[in-house]
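Input: a single structure, listed below in structure tokens.
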């Protein structure tokens with residue numbers, strides 16, 4: 001079987017010839033590993049393309065990123081993605097607003113103002129501190145909406161030629177084909193900041209209904225062409241949400257039911273009408289109190305299932321069976337320790353989940369900088385033995 | 001118009017049930033017109049309401065949205081009451097020096113804790129984010145705060161918490177303050193390991209720990 005066939009089998013609750021294995025890496029982790037012996041020359045991806053400025057008609061080798069996945073023998077979530085732009089168009093112009101010896105304040109492309117360390121070793125991994133957000137009230141939302149026009153032709157690539165893309169999606173076998181979208185909580189928190197967005201459900205519920213309804217319309221209309229073109233050549237929808245913290249969801253089941261559920265259903269119904277029925281939510285934190293509603297919304301896959309937030313794949317599998325396929329749940333803290341701690345984490349979960357079915361092993365978040373290259377290699381070698389039936 | 005007890009109870013319920021800001025403001029005005037002492041409105045009405053919200057959060061009945069909204073209701077009420085506090089003085093539960101450790105600029109969790117600590121009656125000296133260990137020491141000496149709250153989100157920065165504790169020892173003031181850790185990367189085991197007094201896994205737990213500490217004194 002190809003990696004894609006393996007993933008498709010697992011998420012359809014069928015037994016593959018061996019388990020697939022999915023990971024995602026922070027770029028900073030790879031940069032750190034480069035100093036620890038990771039052969040960067042073996043994983044660097046260079047492609048010839050027309051010179052970036054477009055003023056020279058010449059192909060030029062350009063660094064497109066890294067492929068650590070083939071090196072370790074795992075698959076990336078983001079191998080073949082539907083090229084739809086769901087961000088604000090036009091983008092805010094990324095620029096420095098303020099800087100001193102220690103910090104830098106920038107206007108991000110989504111319109112937020114972020115402060116970060118100027119010279120910290122892992123500036124982006126450590127995430128900036130957001131000090132302002134573009135949407136504060138109804139007026140600023142109306143203004144922002146102008147950048148969220150689903151009919152803007154710039155949302156699709158210049159070379160969006162349907163047959164070509166159908167062929168690309170048919171042919172891809174290195175992992176799953178993916179449509180990545182942003183969820184109703186994720187988009188609101190990103191535009192308003194977590195505290196303001198969360199409080200607004202009580203302060204101005206009508207405003208929240210309006211925002212979320214618009215996001216449903218915008219999402220469906222933006223992806224419509226791609227979804228109706230590619231249909232089930234898209235193996236999985238990856239719905240980014242991040243709607244929970246360690247203690248529990250940021251929003252209560254009551255709010256989820258009233259504000260989110262009907263809109264999730266509209267999107268998942270639209271996807272299913274187009275034969276796309278593997279819909280996975282990406283949310284950190286403890287989502288246990290929302291699982292029934294998440295499933296009712298039409299979502300049937302979960303990642304990363306963070307262990308430090310009390311998420312347990314075996315418990316979910318036993319309770320929900322094939323209502324969810326699961327990815328992740330290998331405790332990043334235990335794996336990064338290596339040795340017996342790493343082995344115990346794998347031994348206690350992977351064989352059981354492999355038998356229960358519908359499970360793909362993965363670290364319970366992106367692979368972080370505290371993971372040394374040697375320890376990750378050790379983890380990779382040990383896990384691979386468990387992938388075989 | 002009801003009895004004093006009924007009115008204070010209505011305030012508790014209004015906060016606990018997360019009703020709108022207008023309703024709480026009206027109840028506060030009614031309590032003032034009945035000449036209920038401001039301290040009593042705060043202690044027997046608002047704070048009891050907030051305690052009830054905290055309990056609901058711990059029981060998974062309320063979540064972050066509800067916690068944040070309850071704090072805004074509380075602030076709306078205090079905005080009316082605080083300017084009227086001329087002769088009456090709210091007795092502080094205690095002082096907390098608070099900050100995100102050096103190398104870390106995350107503040108959402110810290111700010112939620114701060115908001116709840118303030119409305120629960122603590123004086124909070126918030127030093128902000130990326131705070132040098134020396135700044136914590138200076139502020140503790142200056143304010144004689146009984147509690148030091150250290151926050152860190154990242155596993156790369158939590159070790160700074162240990163540096164602060166070492167510094168407290170070096171300055172001979174470790175036994176004068178209780179050290180409370182908070183933040184995504186923090187665990188109870190880690191707190192024990194580095195010699196902190198406790199770790200809170202969320203803001204409400206943090207406040208309960210602080211209340212217990214000041215009651216013990």
If we take segment A:180-290, then helices (runs of 4 or more DSSP H) inside it with 3 or more residues that are more than 14 Å from chain B (Cβ to nearest Cβ), out of contact with any strand residue (DSSP E or B) (no Cβ under 7 Å at 6 or more places or on another chain) and modelled with pLDDT of 95 or more are A:205-230, A:261-273
Of (1) in a loop (DSSP other than H, G, I, E, B); (2) within 14 Å of another protein chain (Cβ to nearest Cβ); (3) within 30 Å of residue B:75 (Cβ to Cβ), residue B:155 satisfies every one except (3)
Apart from one, (1) under 17 Å from the mean Cα position of the chain (by Cα); (2) not in a helix (DSSP H, G or I) all hold for residue A:294; the odd one out is (2)
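Looking at B:48, B:91, B:10, which is the one that is closer than 17 Å to residue B:122 by Cα and in a helix (DSSP H, G or I)?
B:48 is the lone residue from the list that is closer than 17 Å to residue B:122 by Cα and in a helix (DSSP H, G or I).
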Scanning segment B:5-24 for residues that are within 14 Å of chain A (Cβ to nearest Cβ) and more than 14 Å from residue B:71 (Cα to Cα) gives B:22, B:23
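Kindly establish whether residue B:66 is facing another protein chain (nearest Cβ under 9 Å) and assigned to a helix (DSSP H, G or I).
On the way: facing another protein chain (nearest Cβ under 9 Å): yes; assigned to a helix (DSSP H, G or I): yes.
Here the answer is yes, as residue B:66 does meet what is asked.
Taking the stated definitions as given, is residue A:138 more than 14 Å from chain B (Cβ to nearest Cβ), over 26 Å from residue A:242 (Cβ atoms) and surrounded by fewer than 19 Cβ atoms within 10 Å (Cβ to Cβ)? Outline the logic, then answer.
On the way: more than 14 Å from chain B (Cβ to nearest Cβ): yes; over 26 Å from residue A:242 (Cβ atoms): no; surrounded by fewer than 19 Cβ atoms within 10 Å (Cβ to Cβ): yes.
It is false that residue A:138 is more than 14 Å from chain B (Cβ to nearest Cβ), over 26 Å from residue A:242 (Cβ atoms) and surrounded by fewer than 19 Cβ atoms within 10 Å (Cβ to Cβ).
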All-but-one check, residue B:96 against (1) touching a strand residue (DSSP E or B) at 6+ places or on another chain (Cβ under 8 Å); (2) away from chain A (no Cβ under 11 Å); (3) assigned to a loop (DSSP other than H, G, I, E, B), failing number (3)
Residue set A:92, A:117, A:130; condition touching a residue at least 40 places away in the same chain (Cβ under 8 Å), within 14 Å of chain B (Cβ to nearest Cβ) and either in contact with a strand residue (DSSP E or B) (Cβ under 7 Å, 6 or more places away or on another chain) or farther than 28 Å from residue B:152 by Cβ (or both); output residue A:130
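Being outside any helix (DSSP H, G or I), free of Cβ contacts under 8 Å to residues at least 60 places away in the same chain, closer than 24 Å to residue B:105 by Cβ and out of contact with any helix residue (DSSP H, G or I) (no Cβ under 8 Å at 6 or more places or on another chain) is the requirement here; does residue B:199 meet it?
On the way: outside any helix (DSSP H, G or I): yes; free of Cβ contacts under 8 Å to residues at least 60 places away in the same chain: yes; closer than 24 Å to residue B:105 by Cβ: yes; out of contact with any helix residue (DSSP H, G or I) (no Cβ under 8 Å at 6 or more places or on another chain): no.
Considered against the rule, which asks whether it is outside any helix (DSSP H, G or I), free of Cβ contacts under 8 Å to residues at least 60 places away in the same chain, closer than 24 Å to residue B:105 by Cβ and out of contact with any helix residue (DSSP H, G or I) (no Cβ under 8 Å at 6 or more places or on another chain), residue B:199 comes out as no.
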Cβ pairs under 7 Å, 6+ apart or interchain, first in segment B:131-148 and closer than 13 Å to residue B:170 by Cα, second assigned to a loop (DSSP other than H, G, I, E, B) and modelled with pLDDT under 95, ordered by first then second residue, are B:133/B:102
Of the residues in segment A:343-359, those that are under 11 Å from residue A:305 (Cβ atoms) and not in a helix (DSSP H, G or I) number 1
Yes/no for residue B:77 being more than 11 Å from chain A (Cβ to nearest Cβ) and at pLDDT 95 or above:
no
- Query: Taking the stated definitions as given, is residue B:41 in a helix (DSSP H, G or I) and either within 14 Å of chain A (Cβ to nearest Cβ) or surrounded by 15 or more Cβ atoms within 10 Å (Cβ to Cβ) (or both)?
  - Reply: yes
Residue count, segment A:22-56, condition surrounded by 12 or more Cβ atoms within 10 Å (Cβ to Cβ), part of a helix (DSSP H, G or I) and without any contact (Cβ under 8 Å) to a residue 24 or more places away in the chain, comes to 2
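How many residues, within segment A:112-135, are touching a helix residue (DSSP H, G or I) at 6+ places or on another chain (Cβ under 7 Å) and at pLDDT 95 or above?
Within segment A:112-135, the subset touching a helix residue (DSSP H, G or I) at 6+ places or on another chain (Cβ under 7 Å) is A:122, A:124-125, A:133-135.
Filter once more, so that each one left must be at pLDDT 95 or above: A:133-135.
Residues that pass the stated criteria total 3.
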Subset of segment A:311-330, residues surrounded by fewer than 21 Cβ atoms within 10 Å (Cβ to Cβ) and touching a residue at least 40 places away in the same chain (Cβ under 8 Å), comes to A:314, A:322
Among (1) more than 14 Å from chain A (Cβ to nearest Cβ); (2) modelled with pLDDT of 90 or more; (3) outside any helix (DSSP H, G or I), residue B:2 falls short only on (2)
Condition set without any contact (Cβ under 8 Å) to a residue 40 or more places away in the chain and more than 10 Å from every other protein chain (Cβ to nearest Cβ), scope segment B:52-63, selection surrounded by the fewest Cβ atoms within 10 Å (Cβ to Cβ): answer is B:59
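Pick from segment A:214-251 the residues that are within 15 Å of residue A:288 (Cβ to Cβ) and touching a helix residue (DSSP H, G or I) at 6+ places or on another chain (Cβ under 6 Å): which of them is surrounded by the fewest Cβ atoms within 10 Å (Cβ to Cβ)?
We begin by selecting, within segment A:214-251, every residue within 15 Å of residue A:288 (Cβ to Cβ); these are A:241, A:243-251.
Retained after the next criterion (residues that are touching a helix residue (DSSP H, G or I) at 6+ places or on another chain (Cβ under 6 Å)): A:241, A:243, A:246, A:248-251.
On the way: A:241: 26, A:243: 27, A:246: 18, A:248: 23, A:249: 27, A:250: 23, A:251: 26.
Here the answer is A:246.
Of everything in segment A:338-374, what is within 14 Å of chain B (Cβ to nearest Cβ) and buried (at least 16 other Cβ atoms within 10 Å of the Cβ)? Give them in sequence order. Let's see the steps before the verdict.
Restricting attention to segment A:338-374, the residues satisfying the condition of being within 14 Å of chain B (Cβ to nearest Cβ) are A:341, A:363-372.
Of everything in segment A:338-374, those that are within 14 Å of chain B (Cβ to nearest Cβ) and buried (at least 16 other Cβ atoms within 10 Å of the Cβ) turn out to be A:363, A:364, A:365, A:366, A:367, A:368, A:369, A:370, A:371, A:372.
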Take the conditions surrounded by fewer than 17 Cβ atoms within 10 Å (Cβ to Cβ) and under 20 Å from the mean Cα position of the chain (by Cα) and apply them to residue A:286. Does it pass?
no
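The values are calculated or read from the model by the stated rules, or taken from the named source; none is laboratory data. For clarity, every value in this text was computed on a predicted model and none was experimentally measured. Note that each Cβ is placed from the backbone with ideal geometry, even for glycine, and that neighbours are counted across all protein chains shown.
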